[in-house]
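The values are calculated or read from the model by the stated rules, or taken from the named source; none is laboratory data. None of the values given here were measured: they were computed from a predicted structure. FYI the Cβ positions are ideal-geometry reconstructions off the backbone, even for glycines, and counts take in every protein chain you see.
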Amino acid sequence: MNEIWRMIGRRLLLGLLTLFVISVVIFGATELLPGDLARELLGQSATPETLAALREQLGLNDPAPIRYLNWLWGVLHGDFGVSMATKKPIAELVGGRLGNTLFLALYAAALSVPLSLMLGVLAALWRNSVFDRMSNALALTSISFPEFFVAYILILWLAQTGLFPSMVRITASTTFSERIYMGFLPALTLTLVVTAHMMRMTRAAIINLLASPYIEMARLKGMSPLRVVLRHAVPNALAPIINVVALNLAYLITGVVVVEVVFVYPGLGQLMVDAVTNRDIPVVQAIALIFASAYVLLNLVADVLSTITNPRLMHRR
Amino acid sequence: MQVLVVLAVALVAFFGVALVSRAALRTFAPAHQKPTFRDMPLTASFGIAVILIYVLVAVFAPLLAPFKESEVVGAQYLPWAAPYYLGTDKLGRDMLTRLIYGARNTVGIAFATTALAFTVGSILGIWAALVGGWLDQWLSRFVDALMAIPALIFSLLLLTIFGTSVLSLILVIASVDATRVYRLARSVAQGIVVMDYIEAARLRGEGKWRLIRREILPNAMAPLVAEFGLRFCFVFLSISALSFLGLGIKPPTADWGSMVRENATLITFGDITPLLPAGAIALLTVAVNFVVDWQLHRASGLKE
């Protein structure tokens, strides 16, 4: 048991280090500008006075490391600074939207993970059948579709008939079941985008194992094919499956940006796109940091889980 | 019911194009290439045909398009009728014309971006593998740090800082994607630089640049070409996504991503016109994926 905690501790430290590096990159990116941020935002025609005022407002007069430490200190205390466009505290802007985005990502995950695992096991079971070939072609196709194409097809098909709303309005009084109903189309879009990849990888992980002698043995015992796959192949295929699921969940987090814009979903992605349009750099930095942290965290969890499910990795000498 | 009809038409079109193109490839291929095409899957021949059509449309866009790229030719949102075969958009520009020019702009920009990402990424990657030591360490750790941030999010951050223009779009996407190419090129080159013939070339006194160009690159070509296809798909999709978000290629330049955005309101009225540019993006990506899939399958000798 000690081994597990030591391993988790090591991974957490590595994750923290990654997060630190990411925060440096996100903060340092503004330093890439040839002039400085104030000049870039105001353009060439700015007077020295307005430039100086904006520099003062953005705190650009301090050297970069000091500014970074100030920013980091604020972030660690939940203070992301003030939005340049709306003059509101960023924490306030982000607060409710973070919940909405997480809700959407979790909703899509709840739909896509069981679906893709089930389809993957079936494709492995009936490999080289018509079902398998069709699923292969569909997987390649759905990976190639832009998210907004899938989203608009769904709108055309399901929202046109009035079955589901094509716009999502979430207020404080929206109940959970209303959220499920209104979020269905965005969640379905995300599901369609990620399911194919997860399903193919599940299939590949299982088929890799089917040639092993112990599977042969299980077959010779007279076990049914489904039982062979579920009892003997799946537990050993868990590590790669967990990894691909995590990878796709991480993809969901970035994929929400486009989908949120299509469905006017009040989440972080929409906020980020608006902020990029207005060149509201503090907001973009804050949201980028949040998305990147979620990405790192998911990969961390996947890493730990896939180690725990593999006894050989747990008892490595 | 409608869905079924659309699916049936799509299937028939797929098999028609695929069979014709496979027959054509078999007939017109030079003798030594014939075995390559003999047992190519239908998906691959379909992909090749579609890519060829896109290239032709992009090259001959001014000849094929009935109107000028951003010419206002009539009222807005006209229905599908001659001479506006696919109707007009929200400013009254001809949809078909803009679709045709979009092939040139969107695909051209995506191709240029991929080529840039590839040149930078693969040269740096091979160079790092060849030189090794602290340079390799620093470059690789730097790339690792950049790759820890999701690509779309990082592109959005860079676009905020550098502003949204076509040039910054190309540079931003190319640099984000170059990190992925760097990883692959470095790992492929690492297997090559330890070969005896590289040792021999070094002893002959060949310079670094010549080593990369004449000795390593030709042997690293196969995986890099397959990666080029996949990378193109990713770049193409992210450029379309950014243009769709209003952060990429800007009007009046005809571009598929922004065309979807501009005319999206039509969809809520049940008009499929805005889906055409989105479909054009999807079709090309599918086609490239099919061809890459076939190439990878052939190269690895995998028979499932």
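Find all pairs meeting these conditions: Cβ atoms under 9 angstrom apart; at least six residues apart or on different chains; first residue within segment A:148-170 and within 11 Å of another protein chain (Cβ to nearest Cβ); second residue buried (at least 17 other Cβ atoms within 10 Å of the Cβ) and among the charged types (D, E, K, R).
Correct list of pairs: A:Phe148/B:Arg261.
Do we find a residue being in a helix (DSSP H, G or I), surrounded by 15 or more Cβ atoms within 10 Å (Cβ to Cβ) and modelled with pLDDT of 85 or more anywhere in segment B:2-10?
Checked against the condition, which is being in a helix (DSSP H, G or I), surrounded by 15 or more Cβ atoms within 10 Å (Cβ to Cβ) and modelled with pLDDT of 85 or more, segment B:2-10 yields no hits at all.
Of everything in segment A:37-61, what is surrounded by 11 or more Cβ atoms within 10 Å (Cβ to Cβ) and within 11 Å of chain B (Cβ to nearest Cβ)? Give them in sequence order.
Once the filter is applied, which keeps residues that are surrounded by 11 or more Cβ atoms within 10 Å (Cβ to Cβ) and within 11 Å of chain B (Cβ to nearest Cβ), segment A:37-61 yields A:Leu37, A:Glu40, A:Leu41.
Within segment A:87-102, is even one residue more than 30 Å from A:Asp274 (Cα to Cα), more than 11 Å from chain B (Cβ to nearest Cβ) and among the aliphatic types (A, V, I, L, M)?
no
Go through A:Val229, A:Val273, A:Val256, A:Val284 for me and flag whichever is under 22 Å from the mean Cα position of the chain (by Cα) and touching a residue at least 60 places away in the same chain (Cβ under 8 Å).
After applying the criteria, what remains is A:Val256.
If you go through segment A:268-282 one residue at a time, do you hit one that is closer than 13 Å to B:Pro150 by Cβ, part of a helix (DSSP H, G or I) and of a type in the set (Gly, Ala, Ser)?
yes
So which residues in segment B:270-289 are closer than 30 Å to B:Val225 by Cβ and either more than 7 Å from chain A (Cβ to nearest Cβ) or modelled with pLDDT under 80 (or both), if there are any at all?
Scanning segment B:270-289 gives B:Pro277, B:Ala280, B:Leu283, B:Leu284, B:Ala287, B:Val288.
Do you know which residues across segment B:241-269 are among the hydroxyl-bearing types (Ser, Thr, Tyr), more than 8 Å from chain A (Cβ to nearest Cβ) and farther than 20 Å from A:Gly255 by Cβ?
Within segment B:241-269, B:Thr253, B:Thr265 meet the criteria.
Going by what's in this entry, would A:Leu60 be described as in contact with a Lys or Arg (Cβ under 9 Å, 6 or more places away or on another chain), of a type outside the set (S, T, N, Q), without any contact (Cβ under 8 Å) to a residue 60 or more places away in the chain and not in a helix (DSSP H, G or I)?
Judged against the criteria, A:Leu60 is a match.
Taking segment A:260-317, which residues are at pLDDT below 85 and on the phi > 0 side of the Ramachandran plot?
Once the filter is applied, which keeps residues that are at pLDDT below 85 and on the phi > 0 side of the Ramachandran plot, segment A:260-317 yields only A:Arg279.
Look through B:Ala241, B:Ala264 and report the one residue that is without any contact (Cβ under 8 Å) to a residue 40 or more places away in the chain and surrounded by 14 or more Cβ atoms within 10 Å (Cβ to Cβ).
On inspection, the qualifying residue turns out to be B:Ala264.
Looking only at segment B:226-237, how many residues end up being modelled with pLDDT under 90 and crowded, with 24+ Cβ neighbours inside 10 Å?
Number satisfying all stated conditions: 0.
In segment A:4-26, how many residues are over 21 Å from the mean Cα position of the chain (by Cα) and crowded, with 18+ Cβ neighbours inside 10 Å?
Matching residues across segment A:4-26 total 0.
Right, A:Phe291: buried (at least 22 other Cβ atoms within 10 Å of the Cβ) and more than 8 Å from chain B (Cβ to nearest Cβ) or not?
Answer is no for this residue.
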